[in-house]
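Asks: Okay, handing you the structure first.
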Amino acid sequence: MKIEESVEDLIDNITSGNLNKAEDMFSSILQHKQIEALDAQRVSVAGQIFNGEVPDADMEISDEEISAEIE
């Protein structure tokens, strides 16, 4: 299932009052996003270690950005 479809289903579940399903879907969407971010970071770090690539400033996430996303 695509993230866009999941978000649409999440909104449908919230509006129809299926909050338990919405909570599960929300958790699933967040988990998917975290996995994607970790995979991207792994690729970046591997490139830096093994290929001597210069770190991409866009890939770095500050503590403030993480805190803002959590809240």
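None of the figures in this text is laboratory data; all of them are computed from the coordinates on show. Source: prediction; values computed, not measured. Note that we place each Cβ from the backbone using ideal geometry, even for glycine, and neighbour counts take in every protein chain shown.
Quick grid of which residues meet (1) in a helix (DSSP H, G or I); (2) β-branched (Val, Ile, Thr); (3) loosely packed, with under 11 Cβ neighbours inside 10 Å:
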{"position": "SER6", "(1), (2), (3)": "yes, no, no"}
{"position": "THR15", "(1), (2), (3)": "yes, yes, yes"}
{"position": "GLU23", "(1), (2), (3)": "yes, no, no"}
{"position": "SER27", "(1), (2), (3)": "yes, no, yes"}
{"position": "LYS33", "(1), (2), (3)": "yes, no, no"}
{"position": "GLU36", "(1), (2), (3)": "yes, no, no"}
{"position": "ILE66", "(1), (2), (3)": "yes, yes, yes"}
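Asks: Is there any pair linking a residue in the stretch 1-16 that is in contact (Cβ under 8 Å) with a residue 12 or more places away in the chain to one that is of a type in the set (Phe, Trp, Tyr), with Cβ under 9 Å and at least six apart or on different chains, and which?
Replies: Pairs that qualify, where the first residue is in contact (Cβ under 8 Å) with a residue 12 or more places away in the chain and the partner is of a type in the set (Phe, Trp, Tyr), are LEU10/PHE26.
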